[in-house]
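Derivation of every value follows stated rules applied to the coordinates shown; laboratory data play no part. It should be emphasised that the depicted structure is a prediction, and the values quoted were computed from it without experimental measurement. Note that each Cβ is placed from the backbone with ideal geometry, even for glycine, and that neighbours are counted across all protein chains shown.
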């Protein structure tokens, strides 16, 4: 009956949220040690000049570098890219990006405009990341996740015409509250609800669902106070409001637009969310201010070898200097994504190697579209937030900054992950992806073609230095998560892929903090 | 059974929202002329030097001054205060304020800190105000209305311990969804729900309420994905999440904390909301940049007289110069609140006079509290948004800016309106109001006493130039709204009190635009 099942929706939410809970509900529970972040890590004891080589200057590597150096270690970081951050990455106007296969894009946005191809929002309950932003003085501003005036859209609902999320939500809530309140009132739930609770339950449903004294959800000024009016209240003469028609209950249910109502309700999307002022990469810039002096950029690791005496890493200078170099250390924190590490010559243990080579990576695509003006604000009164659609672009996210400004602005015109859509986008050239985003987006915003100025498209399977957007654990036990996070002689791996919060920066940081605290314990206590 | 009835809640929401719908649902409908704002006003035709005297430089008066001058009128504005804005007012550190009765407060906040005693948030659907902010280049930032991690609190629920709003919401939604899904599944609603819709309705409730395959809302990683975990997912070793216990359904219903769930769901509170960077008064500052040259400040109007030839206003210079002055004009836009206008000598028509003298004004109190540090962020992970309580302070609103900054910060520690609480606060000295806010607020934040630094309290009934926070229409028909908004010979009144959006700046602007467009029509077309 419905091709967009609850399962696929939960999958969508789960991946969007990066929440492990969806996929791993069957994972054995009961690990005793809490890994919640409760404040800056304390690494007591003198490491006496122990050297740690850190591979990768994404957030996991940067965290390790910052904390280990502060604890007295000698630290060296090797980074493939020309700058720090990894997937904590912002494409600014003028930036160039060449994907696997050679397609090269220059970001032709107006000065100051940008798009975050990777992480783009910070839950306020990602405590470690929030704390690093505070410590590193990265100014945060609200990321508008929820906008009731944004659209929900399905091609098979309401003749393909987008509807305002807040109206669908208010009417859905009203209709189901009415059904339940009437059932309780008619005694149909006397077995389930105790006599003393019935009146209060009905009272609560009247509040929650905006029901009238007869427990009915009807067209009225009261319901319009929640869903919006036919004519808004005004001032002076002829200013009385006119209530709006409700959606028919059957229409709301059959439209399936209720599927988008839960997206912003997950714990990781609890309002408010945040973003760094100026782009996500400002976090990496702030880290690099602290530890940039120990990072070697343009260093492509080709070999990672360890023995009982230490670690030897061979790397190529791809920054123009050329040549092959060797770095040695007592220990290594390896934050190279398993998608890349599996292609590097290494002598890690068989168990870890098996996990490395068996891990698949999500293939997300993001398309940034710059338009000549903020028509979503000026024409549609949508200030930030997200419209959802069953088109392959899945959503359109409007900028959470620069409200009401004139001139060009950038929105996120597509955000796909996993599944058929991701593969489709992968197979396209960047120009084709942008065309797809325009073709689908104009069903929601007919202004698209007229106002389009420039686009940039990043398909993560084609990002040369990670080949995917995040590691996938289909089955942590079968794939050997518990083994993979252990210190493997002198090497410990870390990153979002070694956490229960994959695809989120918090997972990378918590994984790194856990890894270095165990490594430190080994160094100090043997 | 419940002292906090739906009626009182709706009253609370209605007044908080400033929504007229709650109070005036019985008002006769069907006025034909839409007063929705659809863009800048157009006043075509040459007024040929006609002079308009505008009384009051709040948002209604400022709007009239800006638009009438642009249309070619000679404009003069008389303002009681020493600056523009009226209730669009920000108390900055160092400001002084003396209320009726002589109590004088100096705002002892740290440099840059402020509180808005009047309007403090802008709905994105207040189109006129949003447009003036755009035209006058007032930068807006999100006002965080909804914070799921903020508290809901009642002294008689959960032993008086505040609970996180998001947990109450998730569990309430889950429990009621389960009740309805099971009733539908058991055939109890076969008369109300058609056979073809039943399956889809149940599917929607599973999504909306986070129900499992048995239509049950149970403790699980899935429900924790929405309500938060016992132990959050982490990184590395021992990082698996642990699900959280649910509130018992009966506990949720009986707690009545569901009463706070609807507050941020009204149309005027639809996410996102906005605030001007630096305080609400920045809007007045921007208007004054445009029309400040025609405003006479410190001008206390003592008489408003009109005849067939024009308008004569007598006013006293209370700015130190002293003396009584006279201003004349062809017409007058009078935005003086009726609470004040009723005390001024005037010869307005009997009908209008009757309305003026019969209008009561809301008596809201706001208390701004400055604390040494942002303990609500640092200790409680609440970044902006509002906690609700059944204490007389009704709510605590955390700052929507300066997130994670060190040093003192200001929150809104009380916001009362109408009813017994307002009168209680009115009768107190400012110091007593602050003490009350501390005593009640510390039930939610025990850190209050330890961290308190300074406070300022504004009770609107004691604000000398308005004597209330907004005009109340108990019954528009009986009180003569339609007569009061008409042009009275050469005088037309405007302001939030002459709108269907009382207490909101949008009401003041729309009322003013409506008034001046009718006035202009009279000038041009006779």
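Just a few scattered comments:
- Packing, taken as the mean count of other beta carbons within 10 Å per residue, orders the peptides B:364-371, A:324-331 from highest to lowest as B:364-371, A:324-331.
- Pairwise label distance in nanometres, residue A:155 with residue B:135, each label 7 Å out on the Cα-Cβ vector: 4.3 nm
- Under the criterion of Cα pairs below 8 Å and six or more residues apart, the relative contact order for chain B equals 21 percent.
- Relative contact order, percent, the range A:311-461 [alpha-carbon distance under 8 Å, six or more residues apart]: 25 percent
- Across the alpha-carbon atoms of the range B:287-414, the computed radius of gyration and Dmax are 22.5, 66 angstrom.
- Taking max minus min of the alpha-carbon positions on each principal axis, the range B:32-88 gives extents of 36, 29, 17 Å, largest first.
- Angle in degrees between helix B:282-291 and the longest Cα principal axis of chain B, rounded to the nearest 10: 20 degrees
- All Cα-Cα separations within chain A were binned at 10 Å from zero, giving a P(r) of 4, 17, 25, 23, 16, 9, 5, 1, 0, each value a whole percent of the pairs.
- Take the Cα radius of gyration of the range B:328-371 and divide it by 2.2 N^0.38 Å, N being the number of residues; the result is 1.68.
- Two numbers describe the Cα atoms of the range B:484-526: Rg and Dmax, which are 10.5, 33 Å.
- Rounded to whole Å, the principal axis extents of the Cα atoms in the range A:55-176 read 63, 38, 26, largest first.
- Note on B:426-435: average number of Cβ atoms from other chains within 10 Å of each residue's Cβ is 0.
- Crossing angle, helix B:6-17 versus chain B [Cα axis fit, 0-90 degrees, rounded to tens]: 50 degrees
- Calculated label separations, residue A:478, copies of the chain, 7 Å along the beta-carbon direction, nm: 7.3
- Sorting B:348-356, A:462-470 by their mean Cβ neighbour count within 10 Å, with the most densely packed peptide first, gives A:462-470, B:348-356.
- Chain A: angle of helix A:195-209 to the longest principal axis, Cα-based, in degrees nearest 10: 80 degrees
- For the range A:371-489, diffusion coefficient by Stokes-Einstein and Kirkwood Rh (Cα), 37 °C, 0.692 mPa s, µm²/s: 200 µm²/s
- Cut-off 15 Å (backbone N to label point 7 Å along Cα→Cβ of residue A:360), residues of the range A:470-496: A:470-476, A:479
- Computed [θ] at 222 nm, deg cm²/dmol, chain B (DSSP H ≥ 4; -39,500 (n - 2.57); rounded to nearest 500): -9000 deg cm²/dmol
- Relative contact order, percent, the range B:270-384 [alpha-carbon distance under 8 Å, six or more residues apart]: 16 percent
- Peptide A:200-213 - average C-beta neighbours from other chains (10 Å radius): 6
- Size descriptors for the range B:164-255, from the alpha-carbon set: Rg then Dmax equal 15.2, 54 Å.
- For the residues of A:254-261, the average number of beta carbons from a partner chain within 10 Å of their own beta carbon is 3.
- Inverse mean reciprocal Cα-Cα distance (Kirkwood Rh) of the range A:433-526, Å: 16.6 Å
- Protection-proxy order for peptides B:157-170, B:290-303, each taking the mean of Cβ atoms within 10 Å per residue, highest first: B:157-170, B:290-303
- DSSP-defined beta bridges in chain B - what % are antiparallel, rounded to 5: 70 percent
- Cα-Cα pairs of the range A:108-230 separated by more than 22 Å (percent): 61 percent
- Dividing the alpha-carbon radius of gyration of the protein assembly as shown by the rule-of-thumb value 2.2 N^0.38 Å gives 0.99.
- Here the protein assembly as shown carries DSSP beta bridges of which approximately 75% are antiparallel, counting only pairs with both residues inside.
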